[in-house]
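Accompanying notes for the structure given below.
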Amino acid sequence: MALADLLYRCPRCGFDPMDGEGDDASCPACSTRYSRGRGDRLLVERRPDGVTAEIPVSTLVALIEGSGGPLSRAERPDGSIDYSADVLASWRVGEEPVHHKGVLRGFSESMGEPVPGVLKVDRDGVTLRAQGQAEARMAFLEIRALQTSSSSLQLSLPGDRLVQFRFLADSPRRWEDLLRHLLRAAYRRAGKGNVVEFQPRIVAE
Ligand SMILES: [Zn+2]
């Protein structure tokens, strides 16, 4: 994952989105810069006044969450949620058996051709408008699982359907944070308890 995908919002001033490619991220507003430090868990922070420090990733992620995470950019002044991103969407078309030394070891998902589209989120779910396909609505209360990798996000849906999104110019981490937050809120509003797991399936208690 690109560093600006992980730090999609400035940990210091809250500006959203951050700039950057690969292992560098910088804030267009306050000019704080980040790069990879020693090991996976440390990032080097260079402040505009020249102060440099190594800071744990978890500290920076907590600062982003503490300042509202993905919500301030997604929330409109009237309180509604309206955010969208260009994606490549692919639907599962089947499962292929995987054999090793003649023994069935499991199944691997076989995904259909990726189709360009726009993924839009509101308070109750997400809507996909993909080229040449009917609009697909996925309400938060129907989603069975939300799984993420460094580059994509997958939703499991009723009827054994599965759809995968790759974000063309947005952070998969932002979308994971945003959908988890809104899904939890939708469960609470519906009196379905607190969501405690998102994968391999959504569990509320
Ligand atoms: Zn900043």
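The values are calculated or read from the model by the stated rules, or taken from the named source; none is laboratory data. Nothing here was measured: the structure is a model prediction, and the numbers come from that model. Cβ placement follows ideal geometry from the backbone for every residue including glycine, while neighbour counts extend to all protein chains displayed. To get the accessible areas, we keep the full protein, side chains included, count just its heavy atoms, and leave off ligands, DNA and RNA. Shrake-Rupley method; radii C 1.70, N 1.55, O 1.52, S 1.80 Å.
Some notes on this structure:
- Sparsely packed trypsin sites (Lys or Arg not before Pro) within the stretch 97-162, loop by DSSP, other Cβ within 10 Å at most 14: Lys101
- Whole-number accessible area per residue in Å² for the chain, which is evaluated in the context of all protein chains at 1.4 Å: 54
- Computed lengthening from Phe107 to Ala185, 0.36 nm per intervening residue step minus Cα-Cα distance: 24.7 nm
- Kirkwood hydrodynamic radius (C-alpha pairs) into Stokes-Einstein, the chain, 10 °C and 1.306 mPa s, D in µm²/s: 85
- Net charge over other residues, Cβ less than 10 angstrom from the Cβ of Glu109 (K, R count +1; D, E count -1): -1
- For the chain, a crude dipole built from +1 on the beta carbon of Lys and Arg and -1 on the beta carbon of Asp and Glu, taken about the Cα centre, is about 400 debye to the nearest 20.
- Against the chain, whose longest principal axis is taken from its Cα atoms, helix 172-189 shows a tilt of about 70°.
- For the chain, with +1 on Lys and Arg beta carbons and -1 on Asp and Glu, the positive-most of Ala2, Gly50, Ser149 along the dipole: Ser149
- Cα centroids of the stretch 29-74 and the stretch 105-169: 30 Å apart.
- Full extension of the segment from Ser80 to Arg166, taken as 0.36 nm per residue of separation minus the current Cα-Cα distance, would add 28.5 nm.
- Dividing the mean sequence gap of close Cα pairs (under 8 Å, 6+ apart) by how many residues the chain holds gives a relative contact order of 15 percent.
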